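What follows is a set of notes on a single structure, which appears directly below.
The values are calculated or read from the model by the stated rules, or taken from the named source; none is laboratory data. Quick caveat, the model's predicted, so the values are computed rather than measured. A quick note on method: Cβ atoms are made from the backbone with ideal geometry, for glycine too, and the neighbour counts reach across all protein chains shown. Note: accessible area is taken over every heavy atom of the protein model, side chains too, but ligands, DNA and RNA are not part of it. Shrake-Rupley method; radii C 1.70, N 1.55, O 1.52, S 1.80 Å.
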Amino acid sequence: MIPLSYAQQRLWFLSRLDHSPAYNVPIAIDLRGAVDRAALRGAFTDVVGRHEALRTVFPVHDGMPHQCIVENAEPVWLESDCPATGVDAFVAEASRYIFDLTVELPVRATLLRSGPDQHLLLVVMHHIVSDGWSMSPLLRDIAAAYRARTAGAAPAWEPLPVQYADYTAWQQELLGDPGDPDTIAHRQLKYWTKALDALPEEATLAPDHPRPAMPSYRGQVVTLQFDMDNCAALLELARREQVTLFMVLQAALAGTLSRLGAGHDIVFGSPVAGRVDEALEDLVGFFVN
């Protein structure tokens with residue numbers, strides 16, 4: 001059994017508490033023209049075989065989950081016909097599949113046909129084995145494998161230098177046991193526990209509507225655009241203060257929240273890719289933190 005990365009451990013327990021599709025990562029690809037369905041299915045199987053994370057289950061032993069890589073896994077592949085008017089509803093429903101991570105592969109694919117030359121490939125993965133960065137190597141490998149399969153051959157790609165299990169083993173060796181006072185993990189946990197002590201559990205803003213008792217998971221994206229003059233001014237401010245543009249925008253957001261009533265100790269997070277070595281760049285896996 002292989003341990004989980006620290007990020008995976010957090011997501012695992014959140015998923016178990018939540019038991020919902022909130023941590024699913026769906027990706028839908030429109031396919032125009034004739035599709036060789038057998039070749040596409042073979043390509044999907046090739047990609048799952050190439051990336052160990054996609055054929056990993058997470059059984060629980062002594063109260064803790066572990067990675068268990070399935071050899072010669074046969075991923076779930078579904079095909080269905082659907083009128084063009086029903087595609088969006090079909091995708092929304094299929095994307096809400098709830099994985100049983102203890103026994104099921106955390107990925108499944110559906111090829112949806114809405115016309116003779118109109119298909120959609122829906123791949124649904126659990127976040128515990130994928131992140132935003134993973135979309136690029138996933139799609140690139142599916143395309144390469146499909147080209148090979150339509151030509152009657154297996155994909156001739158170079159083997160991946162490492163797999164996700166190698167990353168977790170390296171991370172465990174580097175950080176160590178959080179319960180051991182001599183490890184990096186223990187020191188970092190102690191530092192951040194103190195640094196974040198006494199902070200409010202949520203921002204103390206006065207919302208227009210009360211926070212619901214149960215989360216709906218209906219998130220929203222708000223886009224803010226700057227004209228060229230504002231962009232130039234922000235970049236000049238960053239250069240003058242010897243900081244990054246991200247740091248300037250982060251400070252502006254904190255200041256805005258403070259003026260709206262959130263106090264003077266503002267905490268918010270932003271994701272980092274977590275791919276600390278170029279050997280990880282072509283992997284499908286959960287590295288974001």
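Look at A198 and say whether it is small (G, A, S) and either under 30 Å from I266 (Cβ atoms) or within 24 Å of the chain's Cα centre (by Cα) (or both). Considered against the rule, which asks whether it is small (G, A, S) and either under 30 Å from I266 (Cβ atoms) or within 24 Å of the chain's Cα centre (by Cα) (or both), A198 comes out as yes.
Considering R41, R113, the condition of being under 20 Å from L138 (Cα atoms), open to solvent by 40 Å² or more (accessible area, probe 1.4 Å) and in contact with a strand residue (DSSP E or B) (Cβ under 9 Å, 6 or more places away or on another chain) is satisfied by R41 alone.
Okay, residues lined up against (1) farther than 29 Å from V25 by Cα; (2) open to solvent by 70 Å² or more (accessible area, probe 1.4 Å):
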site	(1), (2)
A198	yes, yes
E202	no, yes
P210	no, yes
E236	yes, yes
F246	no, yes
G261	yes, no
V267	no, yes
G274	no, no
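Among all positions in segment 107-124, there is no residue which is assigned to a helix (DSSP H, G or I), over 18 Å from R55 (Cβ atoms) and among the acidic types (D, E). Condition first: outside any strand (DSSP E or B) and without any contact (Cβ under 8 Å) to a residue 60 or more places away in the chain. Can you find one or more residues in segment 28-37 that meet it? No: zero hits.
Within segment 45-77, being part of a helix (DSSP H, G or I), open to solvent by 10 Å² or more (accessible area, probe 1.4 Å) and of a type outside the set (D, E, K, R) holds for T45, G49. Screening the candidates R10, R41, R16 for the property of being part of a helix (DSSP H, G or I), out of contact with any helix residue (DSSP H, G or I) (no Cβ under 8 Å at 6 or more places or on another chain) and at pLDDT 95 or above yields one hit, R41.
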